[in-house]
Amino acid sequence: MSEKVQFTLEYEVKSSPRILYSFISEPNGLAQWFADEVHYRDQVYSFKWDDGEEKKAKKVLAKENKQIRFAWLDGDEGYYFDMEISKDELTNDVALIITDFSRQENLKDRQLIWDNQIDTLLSVVGA
């Protein structure tokens, strides 16, 4: 099985960092765009999708209104996904920077999944 490669995506979000952070860090916020159900207990998030897939990730980094990182459990140990909020001090533009990993042969599909998820996030946030 091939190793996963890291990739980074950036999306402009018309939202304050504080509001955006609640959507990327809190179970209720994540359940509105990332997964169909999100449960949280002892720093571990359980993500469930309607297709029956369930994955668990541990919150390993949290900087309020700035960044959150989840390390995958359940067979994907060593990999994580990271969501960082960047605000341009000159223009006040806010961006969400996603760092994730995928096998090279699945890279375009994984990026498309993020594009679709972020479209949902933007509609939920009202951006």
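The values are calculated or read from the model by the stated rules, or taken from the named source; none is laboratory data. Since this is a predicted model, take the numbers as computed values, not measurements. We place every Cβ from the backbone using ideal geometry, glycine too, and count neighbours over all the protein chains shown.
Structure above, values below:
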| read-out | value |
| --- | --- |
| TYR80 under 14 Å from the mean Cα position of the chain (by Cα), closer than 21 Å to LEU122 by Cα and of a type in the set (Phe, Trp, Tyr) | no |
| Some residue of the range 10-29 being in a loop (DSSP other than H, G, I, E, B) and of a type in the set (Ser, Thr, Tyr) | yes |
| Residues being assigned to a loop (DSSP other than H, G, I, E, B) and touching a residue at least 40 places away in the same chain (Cβ under 8 Å) - total across the range 65-96 | 4 |
| Within the range 30-47, considering residues that are among the hydrophobic types (A, V, I, L, M, F, W, C) and either more than 14 Å from the chain's Cα centre (by Cα) or part of a strand (DSSP E or B) (or both), the one surrounded by the fewest Cβ atoms within 10 Å (Cβ to Cβ) | VAL44 |
| Where LYS87 falls short, out of the listed (1) at pLDDT 95 or above; (2) under 16 Å from LEU20 (Cβ atoms); (3) surrounded by 13 or more Cβ atoms within 10 Å (Cβ to Cβ) | (1) |
| Criterion violated by ASP50 - all others in (1) of a type outside the set (A, V, I, L, M); (2) touching a strand residue (DSSP E or B) at 6+ places or on another chain (Cβ under 7 Å); (3) within 21 Å of ASN116 (Cβ to Cβ); (4) in a loop (DSSP other than H, G, I, E, B) satisfied | (2) |
| Residue count, the range 26-51 (criterion: out of contact with any Ser or Thr (no Cβ under 6 Å at 6 or more places or on another chain), among the small types (Gly, Ala, Ser) and farther than 22 Å from GLU77 by Cβ) | 1 |
| Residues (in contact (Cβ under 8 Å) with a residue 40 or more places away in the chain, more than 24 Å from ASP88 (Cα to Cα) and surrounded by 14 or more Cβ atoms within 10 Å (Cβ to Cβ)) located in the range 3-28 | LYS4 |
